[in-house]
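Okay, so here's the structure we're looking at.
The values are calculated or read from the model by the stated rules, or taken from the named source; none is laboratory data. This structure is a prediction, so every number in the text was calculated from the model and none was measured. With ideal geometry, Cβ positions are generated from the backbone for all residues, glycine too; neighbour counts draw on all protein chains shown. Heads up: the accessible areas ignore ligands, DNA and RNA and are worked out on the full protein's heavy atoms, side chains in. Shrake-Rupley method; radii C 1.70, N 1.55, O 1.52, S 1.80 Å.
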Amino acid sequence: MAQGEKEIVVVSAASAVRDRGTVVISGLASDAHTWNLVYLQLLIEELGYDVVNLGPCVPDDVLVDECRRIDPVLLVIGSVNGHGCTDGLRVVARLRACPELAATPMVIGGKLTVSDENVERHARALAEAGFDAVFPDQSSDPADFTAFIASLPAGSLSDASLSAASLPATSLPAAPLPAAPLPALSAGRPE
């Protein structure tokens, strides 16, 4: 480079934030649905995070082993088939029993039961079992998900690139929704 010339380095916004860590997205052992996981992956990647999508029908042992290997900043579990509570209670106990994963933020959302009855009771049971947040599709608000992400410790996900308008309405306890309604991840294909 000649004297007086300046070097220009171009860095894309997505590559600039990839150092925030890796998010693992997974379905549960009994859930064969994929579109919800792909939607979550695209959303989180669009926000600039590395994502490992383990896909549907992930056996508990595989989920535990992959989370131990990857050491994610966040684990996101999606459920569409209505067995999220049953499978979630079992798998969170396995995940939390691993010392390496004991402090990893973990969330579950979507259709947690086959019925819309007692959803809040099931959500409470999942939280008490070890999930940091539970987002049933019956009570959704992207602002609550944003608040959860913002509450993660430094070195985890940053809320700088998150906005309520960019998050799926899958899971969150009721609160005023500042943006237009978003597609629920477990209710049907996003439009």
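Flag: LEU75 does not match the condition of being part of a helix (DSSP H, G or I), buried (at least 17 other Cβ atoms within 10 Å of the Cβ) and at pLDDT 95 or above. The C-beta contact set for region 112-125 (first residue over 20 Å from VAL92 (Cα atoms), second residue surrounded by 12 or more Cβ atoms within 10 Å (Cβ to Cβ), distance under 8 angstrom, 6+ apart or interchain) comprises SER115/GLY82; ASP116/GLN138. When the criteria are applied in full, LEU47 fails the requirement of being modelled with pLDDT under 85 and surrounded by fewer than 16 Cβ atoms within 10 Å (Cβ to Cβ).
Of note, LEU63 satisfies the criterion of being touching a Ser or Thr at 6+ places or on another chain (Cβ under 8 Å) and in a helix (DSSP H, G or I). If you go through region 43-60, how many residues are assigned to a helix (DSSP H, G or I) and touching a Ser or Thr at 6+ places or on another chain (Cβ under 6 Å)? Summing the residues that are assigned to a helix (DSSP H, G or I) and touching a Ser or Thr at 6+ places or on another chain (Cβ under 6 Å) in region 43-60 gives 0.
Scoring VAL92 on the criteria (1) under 29 Å from GLU117 (Cα atoms); (2) more than 16 Å from the chain's Cα centre (by Cα) leaves a single failure, condition (2). Looking at the structure I just gave you, is ARG69 out of contact with any Cys (no Cβ under 7 Å at 6 or more places or on another chain), closer than 17 Å to LEU126 by Cα, open to solvent by 20 Å² or more (accessible area, probe 1.4 Å) and assigned to a helix (DSSP H, G or I)? When the stated conditions are applied, ARG69 does not pass them. What's the number of the only condition in (1) touching a strand residue (DSSP E or B) at 6+ places or on another chain (Cβ under 7 Å); (2) modelled with pLDDT under 95; (3) open to solvent by less than 50 Å² (accessible area, probe 1.4 Å); (4) at negative phi that THR104 fails to meet? For THR104, the failing item is (2). The C-beta contact set for region 78-92 (first residue assigned to a loop (DSSP other than H, G, I, E, B), second residue surrounded by fewer than 17 Cβ atoms within 10 Å (Cβ to Cβ), distance under 6 angstrom, 6+ apart or interchain) comprises GLY82/VAL114; HIS83/SER30. For region 119-135, check the following and say yes or no: at least one residue is in a loop (DSSP other than H, G, I, E, B) and over 21 Å from LEU40 (Cβ atoms). No. Within region 114-133, the set of residues being of a type outside the set (Gly, Ala, Ser) and open to solvent by less than 20 Å² (accessible area, probe 1.4 Å) comprises VAL119, LEU126, PHE131.
Of all positions in region 11-26, at least one carries a residue that is within 22 Å of PHE135 (Cβ to Cβ), charged (D, E, K, R) and at pLDDT below 95.
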